Amino acid sequence: MASYRAVAAVTEAVVYLLESQYTPAKFDGNQLEFKVYLAKDFEQPMDAGVSLFLYRIYANDTHRTPKGRVSLNGERHRTQLPLDMHFLLTAWGKDASLQHTIAGWMMRVLEDTPVFPAGLLNKSVSNVFHPDETVEVGLTQLTTEELFRIWEVIGNNAYQISVPYVARYVKIESEHLLAEGEAIQERTLDIWELGNP
């Protein structure tokens, strides 16, 4: 179960994956950038590349309260916080052809790696995920209206081709242990006769 740094680790892992698969030869020698964006970064965007903008985080509805991890000494942590992270990947390019090429390429790269292992998740932000943890990253859907509403806020109506993704079931572990009572010392059994309490 990941620490509270999991949100940052997942976004950085997506950027790292794309950057690691990039070679200028695939894009006619064009140099691309790969960055996690805040809303203010859209005011002066990159010339060419891919930006990741995390626009919402929801609790995962399928696994609302997964049990906490049991440590090696038998202590149990509080329930995990399961999250779904929704983000936009935006393709930037000086011309339509480059922008469209980048969009197709980034979607293919992520489709080829739908499950991020702990090694990839810990690449930029280390020691966040345990070795047996994974995160599923895949396409999701936004209505055209929702997409344009996001761009009204972040891009001053200067829309760029963007693809919505979700990182599913990112489990954040509690730092607190469950309160436990004292160990049971003895058991007693009371027997009541029917009709004679």
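The values are calculated or read from the model by the stated rules, or taken from the named source; none is laboratory data. Since this is a predicted model, take the numbers as computed values, not measurements. For neighbour counting, all protein chains shown are included, and Cβ atoms are generated from backbone atoms with ideal geometry for every residue, glycine included.
For segment 152-184, which residues satisfy the criterion of being outside any strand (DSSP E or B) and modelled with pLDDT under 65? Please lay out each step first, then the result.
Keep residues of segment 152-184 that are outside any strand (DSSP E or B), which gives 152-161, 173-176, 178-184.
Residues satisfying the conditions are ASN157, HIS176, LEU178, ALA179, GLU180, GLY181, GLU182, ALA183, ILE184.
Restrict the check to segment 78-86 and report whether at least one residue is β-branched (Val, Ile, Thr), over 16 Å from the mean Cα position of the chain (by Cα) and at pLDDT below 90.
Narrowing segment 78-86 to residues β-branched (Val, Ile, Thr): 79.
Filter again for over 16 Å from the mean Cα position of the chain (by Cα), leaving 79.
After this cut, where a residue has to be at pLDDT below 90 as well, the list is 79.
Scanning segment 78-86, I find at least one residue that is β-branched (Val, Ile, Thr), over 16 Å from the mean Cα position of the chain (by Cα) and at pLDDT below 90, so the answer is yes.
Being touching a residue at least 40 places away in the same chain (Cβ under 8 Å), of a type in the set (Ser, Thr, Tyr) and part of a helix (DSSP H, G or I) is the filter here; which residues of segment 1-26 pass it?
Correct list: THR11, TYR16.
Pairs only if they're at least six apart or on different chains, beta carbon under 9 angstrom, first in segment 136-149 and in contact (Cβ under 8 Å) with a residue 12 or more places away in the chain, second part of a strand (DSSP E or B) and of a type in the set (Val, Ile, Thr); list them, first residue then second.
GLU136/VAL115; GLU136/VAL166; VAL137/VAL115; VAL137/VAL166; GLY138/VAL166; LEU139/VAL163; LEU139/VAL166; THR140/VAL166
Answer with yes or no whether ALA2 is under 22 Å from LYS171 (Cα atoms), of a type in the set (Gly, Ala, Ser) and modelled with pLDDT under 95. First the steps, then the outcome.
On the way: under 22 Å from LYS171 (Cα atoms): yes; of a type in the set (Gly, Ala, Ser): yes; modelled with pLDDT under 95: yes.
When the stated conditions are applied, ALA2 passes them.
Given the conditions (1) assigned to a loop (DSSP other than H, G, I, E, B); (2) surrounded by fewer than 13 Cβ atoms within 10 Å (Cβ to Cβ); (3) among the basic types (Lys, Arg), and given that ARG149 satisfies all but one, which numbered condition is not satisfied?
(1)
Hey, could you check segment 134-146 for residues that are touching a strand residue (DSSP E or B) at 6+ places or on another chain (Cβ under 6 Å) and assigned to a loop (DSSP other than H, G, I, E, B) and say which is surrounded by the fewest Cβ atoms within 10 Å (Cβ to Cβ)?
Across segment 134-146, the extreme among qualifying residues is THR140.
Limited to segment 29-45, what total is found for residues that are surrounded by 15 or more Cβ atoms within 10 Å (Cβ to Cβ), hydrophobic (A, V, I, L, M, F, W, C) and modelled with pLDDT under 95? Quick ask: steps written out before the conclusion?
As a first pass, look at segment 29-45 and keep what is surrounded by 15 or more Cβ atoms within 10 Å (Cβ to Cβ): 30, 32-37, 42, 45.
If we keep only those that are hydrophobic (A, V, I, L, M, F, W, C) too, we end up with 32, 34, 36, 42.
From the residues that got through so far, the ones that are modelled with pLDDT under 95 too are 42.
So the answer is 1.
Restricting attention to segment 27-65, report how many residues are in a loop (DSSP other than H, G, I, E, B), out of contact with any Leu (no Cβ under 9 Å at 6 or more places or on another chain) and in contact (Cβ under 8 Å) with a residue 60 or more places away in the chain.
Matching residues across segment 27-65 total 3.
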